[in-house]
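Colleague: Encoded as structure tokens, here's the structure I'll be asking about.
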Amino acid sequence: MALRSLILLCCFSVLIQFALASKVRHFHWEVGYVYWSPDCVENVMIGINGQFPGPTIRAKAGDIISVNLTNKLHTEGVVIHWHGIRQFGTPWADGTASISQCAINPEESFVYRFEVDKPGTYFYHGHYGMQRSAGLYGDLIVEVADGHKEPFHYDGELNMLLSDWWHQNIQDQTVGLSSNPMRWIGEPQSILIEGRGQYNCSLAAHFSNGSKFCDFSSTHHQCIPIILSVFPNKTYRLRITSTTALSALNLAIGNHKMVVVEADGNYLEPVAVDDLDIYSGESYSVLITTDQNPANYWVSVSVRGRLPKTPPGLTLLNYHPISPSKIPTIPPPISPLWNDYAHSKAFSNKILARQGSPKPPMNPDRQIILLNTQNKIDGYTKWSVNNISLALPPTPYLGSLKYRLTSAFDNKMRPDNFPEDYDVMKPPVNPNSTVSSSIYMLRFKSTVDVILQNANTLTENASEIHPWHLHGHDFWVLGYGEGRYNEKRDVNKFNLKNPPLRNTVVIFPYGWTAIRFVADNPGAWAFHCHIEPHLHMGMGAVMAEGIEYIGKVPKEALGCGVTKKLLMNPHQP
């Protein structure tokens, strides 16, 4: 009896300590359009509480985030996705319109409440239409819980939220993408660092063959670069996130190496690099040591994977006590050639899990091979996955599945593979595709392999980079390969020893990428290319698992489509 009482007392003590350690962090946000000059050219964009980028959320592992969001856009809905947060037990808070919730209508509010269960570098962004392209994003930083330590030391912390920016508004962009013939959005006008960039001028005009210096007068204060201020002989953690709508990026700091230690909220085996490739949806932490002569050094962010028509984004690493207005004497770092894919692949292959990280199950229960192709549907240009272009239904999948509303979306099984005679190195012989709202149903707690297969577009000798993001999960990146995936040949190349855990991964042109995850999170989860126009044009899928284990879903999340009538009936569960 005494032993039992002691055990109960210990358990109670642990629970009390946990309750005291974690906090509920409350935020009240209004999302609305604002006039802003992110690259010294005024435009209309989406802000939160009248600011851009949105407020940075900082919390500790185990904390509860509660965001009371009111939609002030007046003519359109809105949702926010908490990128990298797995939403265990709160799938309705994932922030995906038509998948996890209804869009929040103008002048209505919705409370996002969820746990941030592990430390890492994350961010949030709009997930309705192309609102991320209009500036709806911000940082979400989760520190280690009290009493815990990071597996690496640093003296200070810096942040770099990277994005790309167009002067054409998202309404014009979406109409163009949905037109016949399609009107492509083109390359961005500028690269933004912490929401600030420079268009048609140069911070580095001293080295730019007569380019004009930027005007940072009071009318252009919103585009003044955020300087990375440091003290000599210190180690800094630089948290880097990319919420670009299109661009793959390369980051380099003049005369400074970077040691990569974290990716997508998971620890890595430390690796030193001269520059770093980062794709839309990815995040990294790197350590930099300020062991150079006190001076100012260029931080350069350039476009990768596309013929760069956008100037590099620039800011300064400023050593105290040097004035930040002093132009560096050394030119900005020279970035790799935009199409030097060997350089990019070498970097990706260096990213490995830290010793002691969770290892993947040795074998999958199911393998799904997803072919990414550019196609035509009734003459309109689309992107498809296994010849299906995703069309989201008016009723969120989470409600349809929980309440067994089988008519709310297409119940046909999605194919797990594509035809054996398909040549990924050439444009499709038959470019025609189909539209469907069908999804992948996964057995709960099964191990799933997904092979993401890239291919030639509709244009000869063209294949694009695609970063793919999976909601609700982290996955192990087992490897990359060239050409069409061949299981007999390529499965032996999988890294089962120390593959990194990620939530976003790149597929290189004409290549394949293999990932593995455990379907252990009840919910309906988006899996899609993180390039905004590609998702808008159908390049995505939805995977669902363990629906029977989902608790009571807040009515506010499902008050649209078929579920609206269902929830109005008090006799329904």
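The values are calculated or read from the model by the stated rules, or taken from the named source; none is laboratory data. Just so you know, these numbers come straight off a predicted model, no measurement behind them. Cβ sites come from the backbone with ideal geometry, for glycine too, and all protein chains shown count toward neighbours. All accessible areas refer to the heavy atoms of the entire protein, side chains included, with ligands and DNA or RNA removed. Shrake-Rupley method; radii C 1.70, N 1.55, O 1.52, S 1.80 Å.
Colleague: Report, in order of residue number, the helices in the chain meeting two criteria: a C-alpha extent of 27 Å or more along the helix axis, and a mean Kyte-Doolittle hydropathy of at least -0.5; treat each whole DSSP H run as one helix.
Modeller: 2-21
Colleague: Can you sort 98, 163 by 1.4 Å-probe accessible area, starting with the largest?
Modeller: 98, 163
Colleague: Taking region 412-566, how much of its Cα-Cα pair set, in percent, is spaced more than 27 angstrom apart?
Modeller: Value for region 412-566 (Cα pairs over 27 Å): 29 percent.
Colleague: Could you tell me what percent of the accessible area of the chain is made up of carbon and sulfur, with a 1.4 Å probe and every protein chain present?
Modeller: Carbon plus sulfur share of accessible area: 54 percent.
Colleague: Here's something else I'd like to know. Counting other Cβ atoms within 10 Å, which trypsin sites (Lys or Arg not before Pro) in region 476-549 have at most 10 and lie in a DSSP loop?
Modeller: 497
Colleague: In the chain, what percentage of the DSSP-assigned beta bridges are antiparallel, given to the nearest 5?
Modeller: Within the chain, antiparallel bridges account for around 75 percent of the total.
Colleague: Continuing with the same structure: How would you rank 150-157, 537-544, highest first, on the average number of other Cβ atoms within 10 Å across their residues?
Modeller: The most tightly packed comes first, giving 537-544, 150-157.
Colleague: With every protein chain left in place, what is the accessible area per residue of the chain in square angstrom, probe 1.4 Å?
Modeller: Counting only protein heavy atoms, the per-residue value for the chain is 42 Å².
Colleague: To continue, here is another question. Looking at this model, which pairs from 234/493; 359/493; 376/445 are more than 28 angstrom apart at the alpha-carbon?
Modeller: From the list (234/493; 359/493; 376/445), the Cα-Cα distance tops 28 Å for 234/493; 376/445.
Colleague: Using square roots of five times the C-alpha gyration tensor eigenvalues, list the equivalent-ellipsoid semi-axes of region 87-136 in whole Å, biggest first.
Modeller: In descending order, the three semi-axes are 20, 15, 10 Å.
Colleague: What FRET efficiency comes out for residue 350 versus residue 148 if R0 is 25 angstrom and r is the Cβ-Cβ distance? Round to the nearest 0.05.
Modeller: 0.40
Colleague: Show me 387-397, 347-357 ranked by packing, highest mean number of other Cβ atoms within 10 Å first.
Modeller: For the peptides 387-397, 347-357, the packing ranking is 387-397, 347-357.
Colleague: Still on this structure, please answer the following. What number, rounded to the nearest 500 deg cm²/dmol, is the helix-based mean residue ellipticity at 222 nm of the chain, given -39500 (n - 2.57) per DSSP H run of at least four residues and division by all its residues?
Modeller: -3000 deg cm²/dmol, from helical runs alone.
Colleague: Calculated from the structure, percent of Cα pairs over 47 Å apart equals which of [x] 16; [y] 23; [z] 11?
Modeller: Only one listed value fits the structure, namely [z].
Colleague: Could you work out the Rg to Rh ratio of region 486-549, with Rh taken as the Kirkwood radius (inverse of the mean 1/r over all Cα pairs)?
Modeller: On the Cα set of region 486-549, Rg over Rh gives 1.01.
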